[in-house]
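Step one of this worksheet: look at the structure below.
The values are calculated or read from the model by the stated rules, or taken from the named source; none is laboratory data. Being a predicted model, the structure only gives us computed values, none of them experimental. Methodologically, a virtual Cβ is constructed for each residue, glycine included, from the backbone with ideal geometry; neighbour enumeration extends over all protein chains shown.
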Amino acid sequence: MPDDGLSPDLHSVLETADTIAVVGCSATPARTSHKIGRYLQARGYRIVPVNPNHDRVLGESCYPDLPSIPTDVELDIVDIFRAPAHTADMVRSAIARVQQTDEQPVIWTQLGVSSSEANTLAEEAELPYVRNRCIKIEYDRLFA
């Protein structure tokens with residue numbers, strides 16, 4: 001089982017979430033981030049794609065970074081699909097958004113994406129942190 005750091009209760013997180021920012025969401029249907037974003041949409045979640053290379057992904061407006069998402073969009077989960085070298089910067093971006101909105105999203109790092117620096121940053125900002133877990137696998141495991 002992957003190390004999940006100081007993970008919150010995943011069932012509760014997935015059961016109560018409405019809106020998930022998918023950081024690194026690709027417009028390419030064969031990419032994992034695209035497939036999982038589509039999967040989450042099919043389960044009733046609102047997806048907010050974050051990728052500076054696209055205007056729209058999965059039929060939704062796509063934003064270059066988390067602080068660019070309109071503040072009236074409340075994020076429950078920030079699901080990160082970026083290489084571990086970029087994960088800490090993605091958490092910093094989430095913290096910048098938190099400072100704009102006062103929301104407390106769960107930072108969710110996909111398998112192989114987490115870093116100890118990202119974990120520490122989330123912990124210092126008092127943001128729940130899910131480490132090295134696939135959101136689709138966890139959804140299937142908890143709700144199938």
Unmet requirement for Ala85, which otherwise passes all of (1) part of a helix (DSSP H, G or I); (2) more than 14 Å from the chain's Cα centre (by Cα); (3) hydrophobic (A, V, I, L, M, F, W, C); (4) modelled with pLDDT of 95 or more: (4)
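State the number of residues belonging to segment 44-66 that are surrounded by 13 or more Cβ atoms within 10 Å (Cβ to Cβ) and either more than 11 Å from Thr19 (Cβ to Cβ) or not acidic (Asp, Glu) (or both). Write out each step before concluding.
Filtering segment 44-66 down to residues surrounded by 13 or more Cβ atoms within 10 Å (Cβ to Cβ) leaves 45-51, 54, 57-58, 60-66.
Still in the list and also either more than 11 Å from Thr19 (Cβ to Cβ) or not acidic (Asp, Glu) (or both): 45-51, 54, 57-58, 61-66.
Number satisfying all stated conditions: 16.
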The correct count of residues that are over 23 Å from Thr32 (Cα atoms) and not small (Gly, Ala, Ser) in segment 96-144 is 16
Quick one: in segment 98-107, which of the residues that are buried (at least 19 other Cβ atoms within 10 Å of the Cβ) and under 13 Å from the mean Cα position of the chain (by Cα) is nearest to Thr120 (Cα to Cα)? Ile107
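Return yes when Leu127 is assigned to a loop (DSSP other than H, G, I, E, B) and crowded, with 16+ Cβ neighbours inside 10 Å and no when it is not.
Working: assigned to a loop (DSSP other than H, G, I, E, B): yes; crowded, with 16+ Cβ neighbours inside 10 Å: yes.
Against the criterion (assigned to a loop (DSSP other than H, G, I, E, B) and crowded, with 16+ Cβ neighbours inside 10 Å), Leu127 qualifies.
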Any pair with Cβ under 7 angstrom, 6 or more apart, that starts in segment 46-66 at a residue that is aromatic (Phe, Trp, Tyr) and ends at one that is assigned to a loop (DSSP other than H, G, I, E, B): Tyr63/Ile69
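Does Ser33 satisfy the condition of being assigned to a helix (DSSP H, G or I), among the small types (Gly, Ala, Ser) and touching an Asp or Glu at 6+ places or on another chain (Cβ under 9 Å)? Working first, answer last.
Numbers: assigned to a helix (DSSP H, G or I): yes; among the small types (Gly, Ala, Ser): yes; touching an Asp or Glu at 6+ places or on another chain (Cβ under 9 Å): yes.
In short, yes.
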